[in-house]
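Participant: First the structure, then my questions, so here it is.
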Amino acid sequence: MSVDLIIICGATASGKSSLAIDLAKKLLECKELSVLDVACLCGFEDIYYFSKTFKKEKGVSPLKFKKSFL
């Protein structure tokens, strides 16, 4: 998967976390993006909150999820 430009409208950590986490799941498959990059692109300003939210919704940490694609 290649990511050239991603524009996210309204997918922020507050209020639309499910949408943001679904997008994060797709972005974590991209080898070029770090977990921090994905968190920022999905509207999360705090990497720890992103990780906690991702794990709560998907049952696995973003890093573990990403490593499953490497």
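The values are calculated or read from the model by the stated rules, or taken from the named source; none is laboratory data. Keep in mind that what you see is a predicted model, and the values were worked out from it rather than measured. Reconstructed Cβ throughout: ideal geometry from the backbone, glycine too, with neighbour counts over all protein chains shown. Keep in mind that these areas ignore ligands, DNA and RNA; they rest on the heavy atoms of the full protein, side chains included. Shrake-Rupley method; radii C 1.70, N 1.55, O 1.52, S 1.80 Å.
Participant: Leaving ligands, DNA and RNA out of it, report the carbon-plus-sulfur percent of the accessible area of region 23-70 at a 1.4 Å probe.
Facilitator: 56 percent
Participant: What ranking of 40, 30 comes out by heavy-atom accessible area, probe 1.4 Å, highest first?
Facilitator: 40, 30
Participant: In addition: Taking the Cα-to-Cβ direction at residue 63 and at residue 26 and moving 7 Å from each Cα, how far apart do the two end points lie in nm?
Facilitator: Rounded to a tenth, the inter-label distance reads 2.6 nm.
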